[in-house]
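J.: Okay, here's the structure, questions in a sec.
The values are calculated or read from the model by the stated rules, or taken from the named source; none is laboratory data. What you see is a predicted model, and the numbers here were worked out from it, not measured in a lab. Don't worry about glycine lacking a Cβ; one is built from the backbone with ideal geometry, like all the others, and counts go over all protein chains shown.
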Amino acid sequence: MFVVVGLGNPGRAYAQTRHNIGFNTIDLLGKRNNIKINKIKFKSVYGEGFIGGEKVLLVKPQTFMNNSGETVRDIYNFFKLPIENIIVVVDDIDIDFAAVRIRRKGSAGSHNGLKSIIYLLQRDDFPRVKIGIGKKGQYEDLADFVLSKFSKEEQELIEGSILTGAEAVEAIIEKGIDDAMNQFNIKTNGAQD
């Protein structure tokens, strides 16, 4: 079984903000794989179904970003999953805008949702799919930036990235993380990162 956790903030006010790219990816995965995200447990809204013959939970924590780890810890403890079967989909300000990167493990960087997960699991070796949301302006507050909405021009590009993010998650589940990284972690110049 795999658990895919998309990070975001609940509520209409946050619906299309940069920080909710994880929620948007979960919604698309649900549509693509006919999984209804309508159950409530683990301080989350989630759906159960199958991707590539594997049982999957698609999860949107409802704890607000800074406490995302509560949901992930509760699921991890309940299902006793191998850590590599918990895939976190997250926005990233440190990669190029609209880029999609798969990481096997790593630090949280400046991301409070990842900080919460790492702190509560006491480990950082879970896979993640990162989607670049752009860089804040020199004098812009980070919280204001990640809670802002995309411009019309950005929105078109980011929708493509959400699709790529969903495909990356499906590839991890269906083919394994090594194949998925080989397929998706390609820089625009053709070199791998």
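J.: Looking at region 159-171, I want the residues that are without any contact (Cβ under 8 Å) to a residue 40 or more places away in the chain and have a partner that is not basic (K, R) with Cβ atoms under 7 Å, at least 6 apart or on another chain. Which pairs are those?
T.: A171/D179; A171/A180; A171/Q183; A171/F184
J.: Still on this structure, I have one more. Which pairs turn up if I take residues in region 85-108 that are free of Cβ contacts under 8 Å to residues at least 24 places away in the same chain and look for partners that are assigned to a strand (DSSP E or B) and aromatic (F, W, Y) with beta carbon separation below 7 Å, at least 6 apart in sequence or on another chain?
T.: none
J.: Whether any residue in region 117-127 is at pLDDT 95 or above and among the acidic types (D, E) is what I want to check.
T.: Checked against the condition, which is being at pLDDT 95 or above and among the acidic types (D, E), region 117-127 yields at least one hit.
J.: Another question, then. Identify, by number, the condition in (1) within 22 Å of K115 (Cα to Cα); (2) surrounded by fewer than 19 Cβ atoms within 10 Å (Cβ to Cβ); (3) without any contact (Cβ under 8 Å) to a residue 24 or more places away in the chain; (4) not polar (S, T, N, Q) that Y46 doesn't meet.
T.: (2)
J.: Give region 49-69 a look and list any residue that's in contact with a strand residue (DSSP E or B) (Cβ under 9 Å, 6 or more places away or on another chain) and either over 13 Å from P10 (Cβ atoms) or of a type in the set (K, R) (or both), or say none. Write out each step before concluding.
T.: Residues of region 49-69 that are in contact with a strand residue (DSSP E or B) (Cβ under 9 Å, 6 or more places away or on another chain), as a first pass: 49-51, 54-63, 67-69.
Across region 49-69, the qualifying residues are G49, F50, I51, E54, K55, V56, L57, L58, K60, G69.
J.: Inspect all residues belonging to region 72-87 and state whether any of them is crowded, with 17+ Cβ neighbours inside 10 Å and not in a helix (DSSP H, G or I).
T.: Among the residues of region 72-87, at least one is crowded, with 17+ Cβ neighbours inside 10 Å and not in a helix (DSSP H, G or I), which makes the answer yes.
J.: Just checking, how many residues over region 108-146 are more than 16 Å from I83 (Cα to Cα) and among the hydroxyl-bearing types (S, T, Y)?
T.: Residues in region 108-146 being more than 16 Å from I83 (Cα to Cα) and among the hydroxyl-bearing types (S, T, Y): 2 in total.
J.: Can you tell me which residue in region 1-53 is modelled with the highest pLDDT, limited to those that are of a type in the set (S, T, Y) and closer than 21 Å to K152 by Cα? Step through it out loud before you land on a result.
T.: Keep residues of region 1-53 that are of a type in the set (S, T, Y), which gives 14, 17, 25, 44, 46.
Still in the list and also closer than 21 Å to K152 by Cα: 14, 17, 25.
Values: Y14: 92, T17: 93, T25: 98.
Checking each candidate, the answer is T25.
J.: Which residues, taken from region 59-97, are under 18 Å from D124 (Cβ atoms), hydroxyl-bearing (S, T, Y) and more than 14 Å from the chain's Cα centre (by Cα)?
T.: Y76
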